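Below is the structure I would like to discuss, written out as structure tokens.
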Amino acid sequence: MCKNKFFIGVLLMAIVMSGCNPKPNVAEGKRVVGYYAQWVADQRGYFVSSIPADKLTHINYAFANVTNDGKCVLGDIAADTGRIYTAKESVNGKDDSTDPTALHGNFNQLLQLKEKYPHIQTLISIGGWTWSENFSDASLTDESRKAFVASCVDLFLKQYKGVFDGIDIDWEYPVSGGEEPNRARPEDKQNFTLLLAEFRSQLDELSKADGKQYLLTIAAPGGGDNNSNYEWAELSKSLDWINVMAYDLHGLWETKTNFNAALYTSSGDPGSASQTVDGSIRSYLSAGIPPEKIVLGVPFYGHGWQGVPEENNGLFQANTGGAPGKYESGSFYYTELKADYFGTYTRYWNDESQVPWLYNPSTKIFISYEDPESIAAK
């Protein structure tokens, strides 16, 4: 799932480095891809100017929507192109209202960020957990695929030229799965391959016209459970890379506490070995995906359960549901955990799975999360 996927929640990475200057502080040839969602400025007070762009190579802006008639549209017009940023909020430190005719919103902020950090490339992410219902229809025929792709290219790479360097398709999921009432068909498996080939074709045509190379990527499921619904060897030919969602491998929909993104399986784990980061990546390698086209998704948030007994310090135990979070039940940002939980909850480490968790026997709350040690292991 990636319903709440955004920059301060998820980082897709090949490597993480530290630093604080305008130059990229990333090892040569590595990709560090961060998601930034349109709603976090107003709902979380996290602006494009807050992004540590020196630690990234690419930013996926989430999300654009797909209409019932198979066309790309802005996900939130006000946030994307209309919001007036103050000097304090803006990347360039200037008040947007001084130029009422200019492009505004997050799109303008991305332009400012790219001007400040020339190495940064941006992609528009289309779909996501809540906006994938129309992909199946848009991909159904050659005619519908051509029209859908043309609408995306025209909107994001021509109308808003310069804002984005490519397109990221986040269809959750072809054939089966995802949020109801997603439309899905068995032929989605083949049609997704054809859709990506059409994207590659139209992007290459645009490249010939303006001399700029455009990126094409997708978000793909972790856990290995959906790999039979994709023609991996064929579709990967159209892609620059695949962002593997190797998180939410366990969550509140299950009856027992477990790890959000265990690197390896461990003793007593009621899940399967495929429900691990290692199992996820191995499934892509075995499907014939070149290693250089795989980007590992890492969660910067935790899942929390309440009503968890003390046995095994809360790990793999029954529970009464999601623990109260700052923004939603069962969800905890790392910054929230650091500020409010690290001092009063005990940190435990699973050496087999290479991930930590927090537990407090008084509150009976268990939280699976990531920290520097577990991310270094990944």
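Looking at TRP253 and the list (1) over 18 Å from ILE281 (Cβ atoms); (2) in contact with a Gly (Cβ under 6 Å, 6 or more places away or on another chain), which single condition is not satisfied?
(2)
Right, next: Got at least one residue in segment 193-215 being among the acidic types (Asp, Glu) and touching a residue at least 12 places away in the same chain (Cβ under 8 Å)?
Scanning segment 193-215, I find at least one residue that is among the acidic types (Asp, Glu) and touching a residue at least 12 places away in the same chain (Cβ under 8 Å), so the answer is yes.
Additional query: Test each condition in (1) open to solvent by 40 Å² or more (accessible area, probe 1.4 Å); (2) within 28 Å of ILE124 (Cα to Cα) for LEU252 and report the one that comes out false.
Among (1) open to solvent by 40 Å² or more (accessible area, probe 1.4 Å); (2) within 28 Å of ILE124 (Cα to Cα), the lone unmet condition for LEU252 is (2).
Looking at (1) of a type in the set (Lys, Arg); (2) open to solvent by 50 Å² or more (accessible area, probe 1.4 Å); (3) under 18 Å from ASP69 (Cα atoms), can you tell me which one LYS189 breaks?
Unmet condition: (3).
List every residue pair whose Cβ atoms lie under 7 Å apart, where the two residues are 6 or more positions apart in sequence or sit on different chains, the first residue falls within segment 104-120 and is surrounded by fewer than 24 Cβ atoms within 10 Å (Cβ to Cβ), and the second residue, located anywhere, is acidic (Asp, Glu).
Close Cβ pairs (under 7 Å, with a partner that is acidic (Asp, Glu)) amount to HIS104/ASP96; GLY105/ASP80; TYR117/ASP54.
Would it be correct to say that VAL26 is at pLDDT below 95 and aliphatic (A, V, I, L, M)?
yes
Might you let me know whether segment 161-183 holds any residue that is of a type outside the set (Val, Ile, Thr), touching a helix residue (DSSP H, G or I) at 6+ places or on another chain (Cβ under 6 Å) and under 27 Å from SER50 (Cβ atoms)?
Yes, because at least one residue in segment 161-183 is of a type outside the set (Val, Ile, Thr), touching a helix residue (DSSP H, G or I) at 6+ places or on another chain (Cβ under 6 Å) and under 27 Å from SER50 (Cβ atoms).
If you don't mind, another one. Identify the residue in segment 261-281 that is of a type in the set (A, V, I, L, M, F, W, C) and either outside any loop (DSSP other than H, G, I, E, B) or touching an Asp or Glu at 6+ places or on another chain (Cβ under 7 Å) (or both) and, among all such residues, is most open to solvent (accessible area, probe 1.4 Å).
Within segment 261-281, the match that is most open to solvent (accessible area, probe 1.4 Å) is ILE281.
So that you can scan it fast, the table gives a plain yes or no per residue for (1) among the charged types (D, E, K, R); (2) open to solvent by less than 10 Å² (accessible area, probe 1.4 Å):
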| position | (1), (2) |
| --- | --- |
| ILE126 | no, yes |
| TRP131 | no, no |
| LEU157 | no, yes |
| ASP168 | yes, yes |
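Identify all residues within segment 51-99 that are polar (S, T, N, Q) and open to solvent by 50 Å² or more (accessible area, probe 1.4 Å); write none if there are none.
Residues satisfying the conditions are ASN68, THR86, ASN92, SER97, THR98.
Among ILE51, ILE120, ILE59, ILE124, which is in contact with a Lys or Arg (Cβ under 7 Å, 6 or more places away or on another chain), closer than 21 Å to ASP168 by Cβ and not aromatic (Phe, Trp, Tyr)?
Matching residue, one of ILE51, ILE120, ILE59, ILE124: ILE120.
Pick from GLU172, GLU180: which is open to solvent by 60 Å² or more (accessible area, probe 1.4 Å) and assigned to a loop (DSSP other than H, G, I, E, B)?
GLU180
Against the condition in a loop (DSSP other than H, G, I, E, B), open to solvent by less than 50 Å² (accessible area, probe 1.4 Å) and under 22 Å from GLY128 (Cβ atoms), how does TYR284 come out, does it pass?
Answer is no for this residue.
Okay, moving on. Residues to consider are ASN258, ASN243; find the one that is touching a residue at least 24 places away in the same chain (Cβ under 8 Å), surrounded by 16 or more Cβ atoms within 10 Å (Cβ to Cβ) and in a loop (DSSP other than H, G, I, E, B).
On inspection, the qualifying residue turns out to be ASN258.
Residues are listed down the side, and each one gets a yes or a no for (1) crowded, with 18+ Cβ neighbours inside 10 Å; (2) modelled with pLDDT of 95 or more; (3) of a type in the set (Val, Ile, Thr); (4) in contact with an Asp or Glu (Cβ under 8 Å, 6 or more places away or on another chain):
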| position | (1), (2), (3), (4) |
| --- | --- |
| LEU195 | yes, yes, no, no |
| LEU203 | yes, yes, no, no |
| SER207 | no, yes, no, no |
| GLY211 | no, yes, no, no |
| LEU216 | yes, yes, no, yes |
| ALA219 | yes, yes, no, yes |
| GLY224 | yes, no, no, no |
| LEU235 | yes, yes, no, no |
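Here's something else I'd like to know. For the subset of segment 330-378 comprising residues that are open to solvent by 70 Å² or more (accessible area, probe 1.4 Å), assigned to a loop (DSSP other than H, G, I, E, B) and of a type in the set (S, T, N, Q), which member is farthest from PRO270 (Cα to Cα)?
Of everything passing the filter in segment 330-378, THR344 is farthest from PRO270 (Cα to Cα).
Given the condition out of contact with any helix residue (DSSP H, G or I) (no Cβ under 9 Å at 6 or more places or on another chain), within 11 Å of GLN38 (Cα to Cα) and of a type outside the set (Val, Ile, Thr), answer yes or no: does some residue in segment 92-109 qualify?
For segment 92-109, residues out of contact with any helix residue (DSSP H, G or I) (no Cβ under 9 Å at 6 or more places or on another chain), within 11 Å of GLN38 (Cα to Cα) and of a type outside the set (Val, Ile, Thr): absent.
Can you say whether TYR327 is hydroxyl-bearing (Ser, Thr, Tyr) and open to solvent by less than 70 Å² (accessible area, probe 1.4 Å), as far as the supplied structure shows?
Spelling it out, it is not the case that TYR327 is hydroxyl-bearing (Ser, Thr, Tyr) and open to solvent by less than 70 Å² (accessible area, probe 1.4 Å).
The values are calculated or read from the model by the stated rules, or taken from the named source; none is laboratory data. The structure displayed is predicted, hence computed values, not measured ones. Positions of Cβ are generated from backbone atoms using ideal geometry, with glycine treated the same way; all protein chains shown enter the neighbour counts. Areas reflect the complete protein model, heavy atoms only, side chains present, ligands, DNA and RNA absent. Shrake-Rupley method; radii C 1.70, N 1.55, O 1.52, S 1.80 Å.
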